[in-house]
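Written below as structure tokens is the structure these notes are about.
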Amino acid sequence: MKKLRLLKVYYSLGDGHKMSLPKDFEFPPNLNYLHWESLVSLPSNFHGEKLVAINLKSSNIKELLKGEKCFAELKFIDLSNSQQLIKIPKFSRMPKLEKLNLEEALESLVLEGCSNFEKLPEIQKNMENLWNLNLDDTPIKELSCLIGHLSRLQFLDLSKCKNLRSVPSSILQLKSLRLCFLSDCSNLEIFSEIIGDMEHSKGLSLRESAITELSSSIERQICVARLDLSNCENLETLPNSIGMTCVSELVVRNCPKLHKLPDNLRSMQLKELDVSGCNLMAGAIPDDLWCLFSLQRLNVSGNNIDCIPDGIIRLSRLHFLFMNYCLMLKEIPELPSSLRWIEARGCPLLETLSSDAKHPLWSSLRNCLKSQIQDFECPIIWMHNCVSVFIPGSREIPEWISHKNMGNEITIDLPKNWYEDNNFLGFALFCHHVLVDDDICKAFQCDHYKIYDY
């Protein structure tokens, strides 16, 4: 049958009847069309160079067309309902492919970096197994509103889709969606009014997009654990209705046109808030911020605020506070005792620390030029099994050093089982010395900074 061009094998006898090929079976070399229902596997010597269409609907095949051979004439493939399917050939091996049917078989579709892929095919309602759709760095211009039919979709990656201008409202009908990446979509201006809820989502990233605002109805629309709006250069406002109780991490870093935070923050259950680099002015931090009693990490670095409001003392769970490069910052009030890491680098106008703000766990006050700050001792918090101490400009042994001695050694009696104390951070060592040899001075440049581990 060397001249056979069309082969159809219909299978209608049920699961109790199996048809398999003999080991020495050879498909006709001139075959153009192959239709074989419930086929288990293709023989290892299958060639198929002249195949135009292949229909293996409802087959049990795991891998189609093994090897690296090119199927130069292949235009149509139907593998619908082939639920054992794991792998299909690279598209580069099928240069003329026009239609690929993976209905009820496709679980993960990755088209990352496909530079000519501009449009996603129409989505069928019964694509129930698709859980991952990656269109990262493709020139796609729009998403079909039928994307809401992907009921089991968990991961949607549209990062770096530079031509994407809007997202259909049906995207938030995806009840199983856990992560949605829309970062670096530089032309994305509209994040649509949305009907559904992202009930189980872990994160939504709109970073580096062109959006100017979020929908005023975002509170009822989005339920994500992390909302990332970093580097949205056109973002001007956040709606006052942003009180999304399910958002635990809100990142609005480097949004230069955002000059004020929304008033209604108290209803949120935030654990992390990052508004660094947003040009926030004095008075831009609403009183509601100090009602975020679950907040653990706060970053207000790179803003134009002149003081930290007294209300910060109410944040009883705050562990990390960053105030670096706030060029107008002059005053820091009493801080919560819960803090474990504090930074205020590069604040040249900082003049006043409340006596209660002289916290024993400051990490850095470098480049704070006012004299009152220069002599303040500030030990650093533990990080990766080490403790370090930074004491800018100090000329005396700090008062909190409990064991002192003249000379080059000291003996300390440690309490029994001291290493079992969960509050033990490590040993902070400080030395004050006078150098008399110029050559030694040149070799020993640091006169107030040392790092030790425990």
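The values are calculated or read from the model by the stated rules, or taken from the named source; none is laboratory data. Treat the numbers as computed from the prediction; the structure is a model and nothing was measured. Quick reminder, even Gly has a Cβ in these numbers, built from the backbone with ideal geometry, and neighbours come from all protein chains shown.
Some points to look at:
- Qualifying residue in the stretch 96-106 (condition: of a type in the set (Gly, Ala, Ser) and either in contact (Cβ under 8 Å) with a residue 60 or more places away in the chain or exposed (fewer than 15 other Cβ atoms within 10 Å of the Cβ) (or both)): no
- Members of the stretch 226-248 found to be modelled with pLDDT of 80 or more and hydrophobic (A, V, I, L, M, F, W, C), listed by number: LEU227, LEU229, CYS232, LEU235, LEU238, VAL247
- Those residues of the stretch 138-155 which are surrounded by 17 or more Cβ atoms within 10 Å (Cβ to Cβ), over 15 Å from LEU177 (Cβ atoms) and out of contact with any strand residue (DSSP E or B) (no Cβ under 8 Å at 6 or more places or on another chain), in sequence order: THR138
- Meets criteria (part of a loop (DSSP other than H, G, I, E, B) and closer than 17 Å to LEU250 by Cα) for SER301: yes
- The listed residues are LEU261, LEU273, LEU315, and the only one of them that is touching a Pro at 6+ places or on another chain (Cβ under 9 Å) and at pLDDT 90 or above turns out to be LEU315.
- Of residues in the stretch 67-95 being in contact (Cβ under 8 Å) with a residue 24 or more places away in the chain and among the basic types (Lys, Arg), the one nearest to TRP131 (Cα to Cα): LYS87
- Members of the stretch 156-174 found to be outside any loop (DSSP other than H, G, I, E, B), surrounded by 17 or more Cβ atoms within 10 Å (Cβ to Cβ) and in contact with a strand residue (DSSP E or B) (Cβ under 8 Å, 6 or more places away or on another chain), listed by number: LEU156, ASP157, VAL167, ILE171
- Boolean, LEU135 is aliphatic (A, V, I, L, M), modelled with pLDDT of 90 or more, surrounded by 18 or more Cβ atoms within 10 Å (Cβ to Cβ) and touching a strand residue (DSSP E or B) at 6+ places or on another chain (Cβ under 7 Å): yes
- Check on LYS119, at pLDDT 80 or above and surrounded by fewer than 15 Cβ atoms within 10 Å (Cβ to Cβ): yes
- Residue within the stretch 175-187 that is in a strand (DSSP E or B), aliphatic (A, V, I, L, M) and within 23 Å of the chain's Cα centre (by Cα) present: yes
- Looking across the stretch 276-298, the residues that are at pLDDT 90 or above and not in a loop (DSSP other than H, G, I, E, B) come down to ARG297, LEU298.
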